[in-house]
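To start, the structure itself, in structure tokens.
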Amino acid sequence: MLTGKQKKLVPVLMMIGAMGALPASLVHAENPSRKVDSTTQQMKQTFSDGVKQGKLETAYLFSEHLNAFDIDTEVTGNRAVLTGEVASEVEKELAGEIAKGVEGIVDVENHLVVNERVERRNAASEQSLRSWVRDSTITAMVKKDLLANDQVAGLLISVTTKNGVVTLSGSVKSDVAKDLAEQIARNADDVAGVLNKLQVSES
């Protein structure tokens with residue numbers, strides 16, 4: 001039996017399938033009228049919005065931290081609107097961060113309501129979620145800073161974070177690049193320490 005979130009994906013998948021069945025005369029018309037062109041553009045936009053909404057719904061569906069929450073989404077252009085209820089502010093923040101991570105979504109209107117009547121996690125689980133959010137944020141920031149620095153090959157460096165400690169692995173071309181990558185990681189907010197496991201490769 002489908003879960004509530006799986007049921008929410010059905011209309012999106014049906015729409016994607018329907019787009020594949022559009023008449024060729026509509027999609028590839030050589031001399032479309034203004035009305036047909038407008039309709040085609042509108043359908044393409046609807047399709048694009050549906051794909052992004054499907055990605056967002058899927059991300060929530062498979063998130064171990066959010067799969068039990070009642071979150072509704074609406075995507076229009078590059079904006080996502082989140083409504084529904086969650087049990088804490090940290091869960092609301094996490095839902096927003098996941099939405100921002102979906103390709104094509106730039107703006108997020110987070111209207112999720114924190115409702116104490118929603119089943120809450122115990123203290124240990126809540127602390128674990130907070131740590132996960134913090135570590136994920138650190139990893140994203142360090143990776144972004146590495147990619148922005150042309151002195152290190154950011155794409156060849158793997159970044160993981162646990163309890164605020166960043167681990168760098170992969171390869172760099174010199175000891176200077178290795179030290180620079182470590183310094184970049186240390187400069188990121190909330191970093192408690194850095195384990196530099198980078199290997200120097202001259203190739």
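A few comments on the model shown:
- Residues with amide H under 5 Å from that of A153, placed H, sequence gap 5 or more: K173
- Taken along the Cα-to-beta-carbon direction at a fixed 7 Å, the label points for V176 and Q45 span 5.1 nm.
- Phi angles of region 184-192 translate, via the Karplus equation with coefficients 6.51, -1.76, 1.60 and θ = phi - 60°, into HN-Hα couplings of 4, 5, 5, 7, 5, 5, 6, 6, 8 Hz per residue; Gly and Pro are given as x.
- Residues with amide H under 5 Å from that of V108, placed H, sequence gap 5 or more: A80
- Once backbone amide H atoms are built at 1.01 Å from N, T76 has V81 as its partners under 5 Å, excluding neighbours fewer than 5 places away on the same chain.
- When only Cα pairs below 8 angstrom with a gap of at least 6 residues are kept, region 134-200 shows a relative contact order of 34 percent.
- Across region 43-51, rounded Karplus estimates of 3J(HN,Hα) from the backbone phi angles (6.51 cos²θ - 1.76 cosθ + 1.60, θ = phi - 60°) give 5, 5, 5, 4, 4, 4, 4, x, 5 Hz, Gly and Pro being marked x.
Read-outs throughout are calculated quantities, based only on the coordinates presented, and are distinct from any laboratory measurement. Keep in mind that this is a model prediction, so the values were computed, not measured. Neighbour counts run over all protein chains shown; Cβ positions are idealised from the backbone, glycine included.
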